[in-house]
Amino acid sequence: MGAGMQVRGRVLSVASECVPLVKTGGLADVVGALPAALGRMGWEMRVLMPAYRALRPRLSAMREVWTEDGLFGGTGTVFLGEVAGISVMLLDAPHLYDREGGPYAGPAGDWADNAERFAALSWVGARMAREGIEGWKADVLHAHDWQAGFAPAYLAYGGTGGVGSVITVHNIAFQGWADAGRIGALRLPREAFHPAALEYYGGLSSLKAGLVTADRITTVSPTYATELLRPEYGMGLQGVIAARGADVSGILNGVDTDVWSPEAEPVPYSVKSLKGKAANRAALCAEFGLDVPSGPLAIVVSRLTDQKGIDLLPAVVPDFVAAGGALLVLGSGDPALEGAMRGLESRFPRRVGVRIGYDEGLSHRMFAGADAVLVPSRFEPCGLTQMYGLRYGTVPVVAAVGGLADTVIHASPAALSAGVATGVQFHPTDAIAFGQALRQLCALHANPALWGVVQKNAMRHPVGWETSAAAYAALYDGLAR
Ligand code: ADP
Ligand code: GLC
């Protein structure tokens, strides 16, 4: 927060991931960006997350602020410190978090005690919010996704201590399932085991628990907020969300415009002069050994999963290549999809490049050098890569769902003649519509005047946090008592 700025209130953000410490997806970017964005609005935010293996040494100015005995089989200690300007509190509970592997899974798959691991995070979050931490008293607890879903429930059932609560749904596909028999062990009241409260298809879901007990529900785009009311997107929780009526809202994510800036890339460029982009493109083609004389160079930077529509690429890429296009894929995930991507690369070695893995630096070079970014998701709560695309003049070609529908202005005849288009949208998410969108991409790209307008519109489209931070601040204002 800016020095001398009046504090409007304090928020304890409870999450399982936070950039720059741990990231498996956009959740981490958002959790890591909110403290600075909200700080500029006068809301002081601290992030509570698990101390996964080797995380503690990454905090500076660290000190112990909380001890919790009997925390699901061991002691929990909370350390407060700083990383990248964020006030982070790490819940150190070696019996739950000091393990080889990712936040949710080890070499043999998902950790069997994930319900307890994240119940512990939620339990400590609720207690710290309710009781205050060395005089730092939260006005609002902000829970993110299923991993923090029990936190509002612990407040609701154990006493709120005057703390308001918000849960944000970043992805409703992950619901935090636990068997009904664990209700007592998870420190939840048995009398709340009924459909209007904790019961979920005969068991428990930490996400549902959060959705029924938090004061407010948000999700990460306005369109996803309405999609969630429909069975095909709500994934079993549509009725729960519908029942919350006006307590539900959609607030679009932003991106960190300092980190994602074409002016900070190896060959800088800007909306005033896109010249540097050509040099980045040439370097990228050389890096992957591609030969793309005239058509558009498209990229995909994504988890390789069913959600992301990656399985459609083998059906559309041959025609795209025949039309002069080229594709670079960076991602990892489903082994079958990784194999399918490698298959495309060996079929079109000069037109398709694939890098399986996670590589932040390469993703920057790809956005700086490519002409277009493809996001053919089946559902997309918000999506960040289409916004990186906008910022970089790397024209987004997206399925018209969720946050993708809210952030890209489709190059319809009307939008083109009004001079406002920023990309291409298609619907439904299938190979026919996707193929048509790629043909439209090729046609736009072949018309330099039109292409230049779309690129510049994209780069001028605001993708920072200002508007959304103001919306969160207003939401918190309404909850602070
Ligand atoms: P999701 O959270 O559903 O995966 P988002 O678009 O919200 O989707 O966020 C994904 C984030 O992860 C973006 O910042 C994207 O650039 C990044 N990302 C995904 N895969 C990779 C990868 N293989 N290498 C580098 N960054 C990646
Ligand atoms: C989830 C969603 C993604 C969203 C991100 C951050 O991972 O899949 O669409 O951008 O959360 O909110």
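Quick look at the numbers
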item: Any helices (runs of 4 or more DSSP H) falling wholly within segment 285-378 and containing at least 3 residues that are in contact with a Cys (Cβ under 6 Å, 6 or more places away or on another chain) and crowded, with 20+ Cβ neighbours inside 10 Å; result: none
item: Out of VAL420, VAL424, VAL395, VAL408, sole residue that is modelled with pLDDT of 95 or more and within 16 Å of ligand 1 (Cβ to nearest atom); result: VAL408
item: Residues located in segment 3-60, provided they are hydroxyl-bearing (Ser, Thr, Tyr) and closer than 22 Å to ALA120 by Cβ; result: SER13, SER16, THR24, TYR52
item: Any hit, segment 250-268, residues being among the hydroxyl-bearing types (Ser, Thr, Tyr) and free of Cβ contacts under 8 Å to residues at least 60 places away in the same chain; result: no
item: Condition met for VAL78 (of a type outside the set (Gly, Ala, Ser), surrounded by 20 or more Cβ atoms within 10 Å (Cβ to Cβ) and more than 22 Å from THR467 (Cα to Cα)); result: yes
item: Residue in segment 382-389 that is under 19 Å from GLY309 (Cβ atoms), in a loop (DSSP other than H, G, I, E, B), of a type outside the set (A, V, I, L, M, F, W, C) and near ligand 1 (Cβ under 9 Å from one of its atoms) present; result: yes
item: Criterion (assigned by TED's automatic domain parsing to the domain that holds GLY234 and within 16 Å of ligand 2 (Cβ to nearest atom)) met by exactly one of HIS144, HIS95; result: HIS144
item: Count - residues of segment 401-421 that are part of a helix (DSSP H, G or I) and not polar (S, T, N, Q); result: 10
item: In segment 159-190, residue farthest from ligand 2 (Cβ to nearest atom) [restricted to those that are within 30 Å of LYS137 (Cα to Cα) and among the charged types (D, E, K, R)]; result: ARG190
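The values are calculated or read from the model by the stated rules, or taken from the named source; none is laboratory data. Everything numeric here is computed off the predicted structure, so don't read it as measured data. A quick note on method: Cβ atoms are made from the backbone with ideal geometry, for glycine too, and the neighbour counts reach across all protein chains shown.
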